[in-house]
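Asker: The following block contains the structure, expressed as structure tokens.
The values are calculated or read from the model by the stated rules, or taken from the named source; none is laboratory data. This structure is a prediction, so every number in the text was calculated from the model and none was measured. Every residue, glycine as well, gets a Cβ built from its backbone with ideal geometry; the counts of neighbours run over all protein chains shown. All accessible areas refer to the heavy atoms of the entire protein, side chains included, with ligands and DNA or RNA removed. Shrake-Rupley method; radii C 1.70, N 1.55, O 1.52, S 1.80 Å.
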Amino acid sequence: MNVIISAIRHSGAGIRIFELRACRGDSLPSYQAGAHIDVTLGNGLTRQYSLCCDRPSPECYRIAVKQEPQSRGGSAWLHADAKEGDMLQIGVPRNAFALSDAAGSHLLFAGGIGITPVLSMAYALLRDGGAFHLHYFVRDEESIAFRDELTASALASCVSIHAGLSPEQTASVISSALAHAAADTHAYTCGPGPFMAAVVELASARLGAAQVHKESFSAPVADAGDKAFVIRLRDRREIEVAADQTALACLQAAGVDVDCSCEVGVCGTCRTKVIEGVPDHRDGFLSEEEKASNVWFMPCVSRAWSGVLVLDL
Ligand code: FES
């Protein structure tokens, strides 16, 4: 559906907040906190952005975009070319980062622009009377997005902002927050890869992996322990994926046609059926049940536990 950019404002260094209004007579689909939408930009690229409204509205969505020096074209266009009155095409909201109904309380950890889905979660918990605390980590004071809302609204007493911490100090704050968490607390994180990795490791050790949730919008970074594996196609052709390569890049280099869009594991476009083998799921698209069934594989981010992965390609 089409929406109009009805307002643009700056909030924190290099961050623009976009208000997207339904065209006359249209109604925007409802969504749960943590959801994101596909946005097709004026340069033809489609990118995924979390909805960060204070409350869901059928008339208006809000997204926030950081200007990335390594932009693959999305943030660059939204910062340099987008203007109020422009029309954009968006997809329906999807949510792989929802608040858990089973949680007795919620610990939210946001790093940098990762505040966007976490902000709507905090508002939802505030509205519903849920117990929560939001820890927001930023490079410096100038980088704080939504400062007015986080420090001067009803949210303020449930938010701690940490500016300019080293990785060790960050880990210490996370550990300390987790140390006081009840056993039925769920932890959520969105932000840069190393930051999320720290949260996931510490929270999983304290609460168990099933109570830890993350949302990633950055391109995959090779882990130190990543191993090479082989993809076998239906015609028995074999394609080697080195430890520092993505399966998608190797398939494309071999001339295999795989649809893709986000290339960060959130849109579902590259979903491919597994015939044999065990994927190492790293996407934010498949549900936990789908991941456990090993029926699908997302070649843009996921890897393989088995040495050979046979795909329906
Ligand atoms: S291209 Fe979006 S999930 Fe793979």
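Asker: Are any residues in the range 180-189 more than 15 Å from HIS162 (Cβ to Cβ) and crowded, with 21+ Cβ neighbours inside 10 Å, and if so, which ones? Step through it out loud before you land on a result.
Answerer: As a first pass, look at the range 180-189 and keep what is more than 15 Å from HIS162 (Cβ to Cβ): 180-188.
Listed by number, the residues that qualify are THR185, HIS186, ALA187, TYR188.
Asker: Within the range 9-17, identify whether any single residue is farther than 20 Å from SER143 by Cα and either surrounded by fewer than 19 Cβ atoms within 10 Å (Cβ to Cβ) or in contact with a Gly (Cβ under 7 Å, 6 or more places away or on another chain) (or both), and answer yes or no. Explain how you work it out, then say what you get.
Answerer: Looking only at the range 9-17, we keep the residues that are farther than 20 Å from SER143 by Cα, and these are none.
Among the residues of the range 9-17, not one is farther than 20 Å from SER143 by Cα and either surrounded by fewer than 19 Cβ atoms within 10 Å (Cβ to Cβ) or in contact with a Gly (Cβ under 7 Å, 6 or more places away or on another chain) (or both), which makes the answer no.
Asker: Pairs please, first residue from the range 247-265 and without any contact (Cβ under 8 Å) to a residue 40 or more places away in the chain, second anywhere and near the ligand (Cβ under 10 Å from one of its atoms) and open to solvent by 20 Å² or more (accessible area, probe 1.4 Å), Cβ atoms under 7 Å, 6+ apart in sequence or on different chains.
Answerer: Close Cβ pairs satisfying both conditions: ASP259/THR269.
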